[in-house]
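> Handing you a structure now.
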Amino acid sequence: MRQEKLQKYNLLIACPRNRERAAMSEIRYFIGDLLEDSELKVSQTPVSGLLACNTSLDPFRVITSLREFAVENPYQFRFAIRFTPLHECVDSELEEIVKAAERLLPKIGNKESFRVSVRRRHTQLENMEVVIAVASVIPRKVNLDAPDKTVLVEIVGDWTGLSVLDEKNDILSIMTMRDDMY
């Protein structure tokens, strides 16, 4: 039963609490209509203000396209305000999270540094236990202040999304973008 429940998501989208329906409409417009993803699936999560999506498009290219659109039209984004791509989606069990991190290792170059960032919601897993377990399978230099890559672990209740990111370029934050414009 657990496997049937687990969805495969590749985008997490933050919105104001209790504005999930409005954000879902925006997402369907931006990704479904503008980027022409007819297979887009948008779901509410158990966390208020957090939506999960499965796009048939490359989620990193979706971020790039949405950033280009947002530069010209920043106030079109009223509810969907932070887009984070995901490489892997697994059950929220430490062993599964570590296996997913191992699969993502090739995304961190041999000479690149990394850090592990954990965002956890509705889970008994502790931040440091996840950080230590994930970092232990990545034989690269750790740099907490200015890493080349960030291994992002997003725990959302029963499922967890993982990504290896360049945080400045791979995450789209509309609020930060607006702040930078003015």
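> Looking at this structure, is residue 119 of a type outside the set (A, V, I, L, M, F, W, C), modelled with pLDDT of 95 or more and more than 26 Å from residue 44 (Cα to Cα)?
Spelling it out, it is not the case that residue 119 is of a type outside the set (A, V, I, L, M, F, W, C), modelled with pLDDT of 95 or more and more than 26 Å from residue 44 (Cα to Cα).
> Another question, if that's okay. Taking residue 94 as meeting all but one of (1) in contact with a strand residue (DSSP E or B) (Cβ under 9 Å, 6 or more places away or on another chain); (2) assigned by TED's automatic domain parsing to the domain that holds residue 163, write down the number of the exception.
(1)
> Please work out if residue 69 is surrounded by fewer than 19 Cβ atoms within 10 Å (Cβ to Cβ) and hydrophobic (A, V, I, L, M, F, W, C).
The answer is yes for residue 69.
> Right, here's the next one. Is one or more of the residues making up the stretch 34-42 out of contact with any strand residue (DSSP E or B) (no Cβ under 9 Å at 6 or more places or on another chain) and acidic (Asp, Glu)?
yes
> What single numbered condition from (1) buried (at least 18 other Cβ atoms within 10 Å of the Cβ); (2) touching a residue at least 40 places away in the same chain (Cβ under 8 Å); (3) closer than 26 Å to residue 155 by Cβ fails to hold for residue 46?
Looking at each condition in turn, residue 46 falls short on (1).
> Also, quick follow-up: Considering only residues of the stretch 99-124 that are buried (at least 17 other Cβ atoms within 10 Å of the Cβ) and hydrophobic (A, V, I, L, M, F, W, C), which is farthest from residue 147 (Cα to Cα)?
100
> With respect to the numbered conditions (1) out of contact with any helix residue (DSSP H, G or I) (no Cβ under 6 Å at 6 or more places or on another chain); (2) more than 28 Å from residue 24 (Cα to Cα); (3) touching a residue at least 60 places away in the same chain (Cβ under 8 Å), which one is the sole condition not fulfilled by residue 92?
(2)
> Here's something else I'd like to know. Sort out for me the helices (runs of 4 or more DSSP H) sitting completely within the stretch 1-77 that have 3 or more residues that are under 22 Å from residue 164 (Cα atoms).
Per the criteria, 59-72.
The values are calculated or read from the model by the stated rules, or taken from the named source; none is laboratory data. Small disclaimer: the values here were computed from a predicted structure and weren't measured. Every residue, glycine as well, gets a Cβ built from its backbone with ideal geometry; the counts of neighbours run over all protein chains shown.
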